[in-house]
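*Asks:* Quick one: this structure, given as structure tokens, is what I'll be asking you about.
The values are calculated or read from the model by the stated rules, or taken from the named source; none is laboratory data. Values in this document were obtained by computation on a predicted structure and should not be read as measured data. Here the Cβ positions follow ideal geometry from the backbone for every residue, glycine too, while neighbour counts run over all protein chains shown. Note: accessible area is taken over every heavy atom of the protein model, side chains too, but ligands, DNA and RNA are not part of it. Shrake-Rupley method; radii C 1.70, N 1.55, O 1.52, S 1.80 Å.
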Amino acid sequence: MSDESGLNPFVFACQGGLVLDQSTFAMQPGMALELENFEPATTGGYRRISGYEKWNTNIVPQDQSASEPVLLSAHFKGNVIAARGRKVYKGATGSGSWTEIDTGRTGAGRYTFFRYNLGGTDKIVWADGANHASVYDNSSVVDLNSTGAPANPSIVVGHKNALFFAGMSSTPNAVIYTAPETDTDFSSANGAGVFSFDSVVTGLFPFRDQLYVFCEERIFKITGSTQLDFTIQPVTREIGCLNGFTIQEFAGDLVFLGPDGLRTVAGTEKIGDVELGTISRAVQERFEGLSDVDEFNSIVVPDKTQYRIFFSNSSILRPTTTGVMCVRKGDAYEFADIKGIRANSTDNVVSAGESIVLHGDFDGYVYRQEKGNDFDGGVITGKYRSPDLTMGDAGLRKSFDRVIINYAPEAAVNADLFVRYDYESPNVARPAAYPFDSATSIAVYGSSVYGTATYGGQSNPLVRQPIEGSGFAIALRVNDRGVSAPYSLKGFQLEFQADARR
């Protein structure tokens, strides 16, 4: 209904995430055709993501070459365990030096690891696919090389007070486990053993009292507690996991990369209906035609119910590396693109109530995500584009008078608003960018600096921006200039007059 000025308001909230599999007529107004470095926020709207900064300002020491990537970045006992080349180091946050704790790991690939407690002692075990697995108790490293131990596992987890190993080059279909209550005993007489599968094992993950075994073409689960009652049950014989580094516990389920995109175990496990397991259909084209799948990595941001997969490899420069964010909202999943995080190794942990999200880069540094407003000094490009909006009538021309932006700033915003008409036709006028700036914003007591923010300001202000132009459809774009602190786009109101029908 138009107001007294003859203007018709059209209001929509930013929700639904990036959607690439629907026509513009089928999309809901709050969905996005472009959403780069804007995360679907659990608090509503699309939030420009936070940055990352170095965990330790010193580079992890190189071993043989300056081009060596960080193969392991794991938080343990307040420090980070990092591997590079043939060596493993321990480093605290800040500017202290890295301490060498293990060496001689010739030919090491990317590591898997698992934190556990045995006999009251906190430990971490790691495997690199070329050497014996090793255990560290924050004091010394012990190689697991006793009789029966796997020679070169690439996968290690803990389950039922035992360690499980897979990814051995000579037996890629096998899973080896230790005797109960030990991490060094591989004697079958004491309860150790081996499982064999009819497909190459790509990942192991303990979940809800069961151990899931992901293979290239199958998925199984191991139930039971010891060698005496362990049972293998099939989850599916139609779908496998392409990369074990993409398996994460997320939103009460297990997510992994299958041949048709991201999937959940719960959906995949439903008998006779593997289609239910696919959750990334809205952004399926992001997973098509990708090379170097073996180099992908993933992480979960626990306090945001967010899964991130990184399409990283050594040949892509950091500013251009891409990935996808997935956020669980109710019974649905919302997606966005990531650009600028080049993760070769990852870890996330909640320590003393604090969420810590880490990644090791190909440049030799370990970074902590969700810190700061930039990518360790590099800009965070942010992009949002709405669907082409017809206000329910694609045959009616509209003259637009104003757009009202509802947003939630965390500090000053520096962005541009673009208005595009008629599906960005080159024959239609394109107004210049409108500034979407805020010199001051609401201050949060205890986190803002006096004199740089406005105390008592609005936490969700409205920007009323007059605009020009007319068309049958309109699309809104927000391009972040790369110097803003995070802020959330909550919604928009378009005000227009109805013109002639064509």
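*Asks:* Please go through the stretch 24-49 and pick out each residue that is closer than 17 Å to residue 415 by Cα and either among the polar types (S, T, N, Q) or free of Cβ contacts under 8 Å to residues at least 40 places away in the same chain (or both).
*Replies:* Scanning the stretch 24-49 gives a single hit, 37.
*Asks:* For the list (1) farther than 18 Å from residue 332 by Cα; (2) of a type outside the set (Val, Ile, Thr); (3) open to solvent by less than 30 Å² (accessible area, probe 1.4 Å), I need the number of the one condition that residue 187 fails.
*Replies:* Here residue 187 clears every test but (3).
*Asks:* Taking the residues in the stretch 195-223 that are in contact with an Asp or Glu (Cβ under 9 Å, 6 or more places away or on another chain) and hydroxyl-bearing (Ser, Thr, Tyr) as candidates, determine which candidate is farthest from residue 246 (Cα to Cα).
*Replies:* Only one residue fits best here, namely 223.
*Asks:* Also: From the list 80, 60, pick out the single residue that is touching a residue at least 12 places away in the same chain (Cβ under 8 Å) and in contact with a Leu (Cβ under 9 Å, 6 or more places away or on another chain).
*Replies:* Being touching a residue at least 12 places away in the same chain (Cβ under 8 Å) and in contact with a Leu (Cβ under 9 Å, 6 or more places away or on another chain) holds for just one of 80, 60, which is 80.
*Asks:* Please determine, by comparing only the residues of the stretch 12-64 that are part of a strand (DSSP E or B) and among the hydrophobic types (A, V, I, L, M, F, W, C), which one is most open to solvent (accessible area, probe 1.4 Å).
*Replies:* Once the filter is applied, the top-ranked residue is 13.
*Asks:* Being open to solvent by 10 Å² or more (accessible area, probe 1.4 Å), assigned to a strand (DSSP E or B) and in contact with a Gly (Cβ under 7 Å, 6 or more places away or on another chain) is the filter here; which residues of the stretch 75-93 pass it?
*Replies:* Residue satisfying the conditions is 79 alone.
*Asks:* Could you give every pair whose Cβ atoms fall below 6 Å, whose first residue belongs to the stretch 300-324 and is surrounded by fewer than 20 Cβ atoms within 10 Å (Cβ to Cβ), and whose second residue is of a type in the set (Asp, Glu) and outside any strand (DSSP E or B), counting only separations of at least 6 or pairs across chains?
*Replies:* Listed by first residue and then by second, the contacts come to 313/292; 313/295.
*Asks:* While we're looking at this one, here's another question. Step by step: first the residues of the stretch 406-419, then only those that are of a type outside the set (A, V, I, L, M) and surrounded by fewer than 21 Cβ atoms within 10 Å (Cβ to Cβ), then the one that is farthest from residue 432 (Cα to Cα). Which residue is that?
*Replies:* Only one residue tops the list, namely 406.
*Asks:* For the stretch 339-354, check the following and say yes or no: at least one residue is in contact with a Gly (Cβ under 7 Å, 6 or more places away or on another chain) and either surrounded by fewer than 18 Cβ atoms within 10 Å (Cβ to Cβ) or of a type in the set (Phe, Trp, Tyr) (or both).
*Replies:* no
*Asks:* Then there's this: Which pairs do you get when a residue that is open to solvent by 70 Å² or more (accessible area, probe 1.4 Å), found in the stretch 280-296, comes within reach of a residue that is aromatic (Phe, Trp, Tyr) and at pLDDT below 90, reach meaning Cβ atoms under 9 angstrom, with the pair 6+ apart or on two chains?
*Replies:* Correct list of pairs: empty, since none qualify.
*Asks:* Okay, moving on. Check every one of the strands (runs of 3 or more DSSP E) wholly within the stretch 409-476 and list those with 1 or more residues that are at pLDDT 95 or above and among the charged types (D, E, K, R).
*Replies:* 413-421
*Asks:* Continuing with this model, one more query. Can you tell me which of (1) surrounded by 15 or more Cβ atoms within 10 Å (Cβ to Cβ); (2) hydrophobic (A, V, I, L, M, F, W, C); (3) at pLDDT below 55 is the one residue 485 doesn't meet?
*Replies:* Condition not satisfied by residue 485: (3).
*Asks:* Which residues, taken from the stretch 261-316, are touching a Gly at 6+ places or on another chain (Cβ under 7 Å) and at pLDDT below 85?
*Replies:* 276, 277
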